[in-house]
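What follows is a set of notes on a single structure, which appears directly below.
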Amino acid sequence: MGGDSSTFAGDIKVEVDAAIDGLNQRLREVNRKIWENPELGEHEFMAHETLCSFFEEQGYAVTRSAYGRPTAFEVLSGSGGRLVNFNAEYDCLPGIGHACGHNLIATSSVAAFLGLSMSLKKLGVPGRVQLLGTPDEEGSGAKIKLLDAGAYKGVDASLMGHPIAGDITGSGSDNSINDGVAGIRMIARQYLSAEYRGKNAHAGGNPWKGINALDSAVSAYNNISLLRQQMEPDDRIHNVLLESEKTVNVIPAYAKAAYQARSPRLASLKVLTARVVNCIKAAALATGTEVEIT
Ligand SMILES: [Zn+2]
């Protein structure tokens, strides 16, 4: 390109597209490596290494283990102007790998970061881009810890894409496909875990001496099932049993369950969460177990 045409955004878009297309093979390799080696939250050491090395290979300075989190990282580019942040997630789900595609989140954020970073450079306009590697989305939601540690300080816009099945965002038909859906409304979510503690006893010999922790978890599950009919239409509650004792002829003294409440707004989530807590406490009261909710 010669003369003034090099300043045309359209020409620059063609150039940036070509540069990202040129990295297609490498990006696919990075994506594949994360997909094939799923790592749980805060243990994404291989993904951390793969992504950091990729950026170094592309000539960017990388802060590994950024903001005091071993598997977080940060890449910054540009100067002056406003700051746009992209988030890269790369943790998996227990037992089912990258079932919701965090490998794709990482790869798309990396490509978006590269695209914007190259565009700013070529256009010669002020502006900064940040790629934040954000561990443990599925568990503790480590972005909150990163936020508290100042990782998002000065950020003007924070962006991320998440793959999702077409029939979840569709019009109700099972085979509806919504390519290019953007800006769907996300809802507030509260995670709770409850540990129920009772007392072992022989289930055949003297079961009346036991305090059944598994009964508490089952009772809480049933309480929540009763609650569902009286919830707001957009509210959701999920509940799974995480741990229970394995000996069938012993009254279980320990059980652990996980709960997740979702609601469109924080205020309504607060109300819903309080009702879930009541379901758990009522179960503990009915069975005489101690319960610790965290
Ligand atoms: Zn996800």
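Key figures for this structure:
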{"item": "Amide H partners (placed H, <5 Å) of Leu242, local residues excluded", "result": "Lys256, Ala257, Ala258"}
{"item": "Long-range HN-HN contacts of Leu40 with modeled amide H, under 5 Å", "result": "Cys92"}
{"item": "Accessible area per residue, Å², the chain with all protein chains present, probe 1.4 Å", "result": "55 Å²"}
{"item": "Cα point-scatterer Debye curve for the chain, base-10 log of I(q)/I(0) at q = 0.12, 0.15, 0.16 Å⁻¹", "result": "-0.92, -1.20, -1.28"}
{"item": "Peptide ranges 265-272, 43-50, 99-106, 60-67 listed from the most packed, as the mean C-beta count within 10 angstrom indicates", "result": "99-106, 43-50, 60-67, 265-272"}
{"item": "Debye log10 I(q)/I(0) at q = 0.14 Å⁻¹ for the range 188-293, Cα point scatterers", "result": "-0.53"}
{"item": "Radius, Kirkwood style, for the range 3-169 when every pair of distinct Cα atoms is counted (Å)", "result": "16.4 Å"}
{"item": "Fraction of accessible area attributable to carbon and sulfur, the range 188-293 (%, probe 1.4 Å)", "result": "54 percent"}
{"item": "DSSP beta bridge pairing in the range 181-269, given as percent antiparallel to the nearest 5", "result": "100 percent"}
{"item": "Residue-averaged 222 nm ellipticity for the chain, from DSSP H runs of 4+ at -39500 (n - 2.57), nearest 500", "result": "-12000 deg cm²/dmol"}
{"item": "Rounded to 5, the percent of DSSP beta bridges in the chain classed as antiparallel", "result": "80 percent"}
{"item": "Value of relative contact order over the chain, rounded to a whole percent, pairs C-alpha under 8 Å and six or more apart", "result": "15 percent"}
{"item": "Normalised contact order of the range 212-259, rounded percent, pairs of Cα under 8 Å and 6 or more residues apart", "result": "47 percent"}
{"item": "Listed residue pairs exceeding 25 Å between alpha carbons, taken from Lys145/Lys281; Lys121/Lys145; Lys199/Lys270; Lys199/Lys246", "result": "Lys145/Lys281; Lys121/Lys145; Lys199/Lys270"}
{"item": "Of all DSSP beta bridges in the range 3-169, antiparallel share, percent nearest 5", "result": "55 percent"}
{"item": "Accessible surface, 1.4 Å probe, highest first, among residues Thr287, Thr294, Thr134", "result": "Thr294, Thr287, Thr134"}
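The values are calculated or read from the model by the stated rules, or taken from the named source; none is laboratory data. Predicted, not measured: the structure shown is a model, and the values here were computed from it. Methodologically, a virtual Cβ is constructed for each residue, glycine included, from the backbone with ideal geometry; neighbour enumeration extends over all protein chains shown. Only protein heavy atoms, including side chains, enter the accessible area calculation; ligands, DNA and RNA are left aside. Shrake-Rupley method; radii C 1.70, N 1.55, O 1.52, S 1.80 Å.
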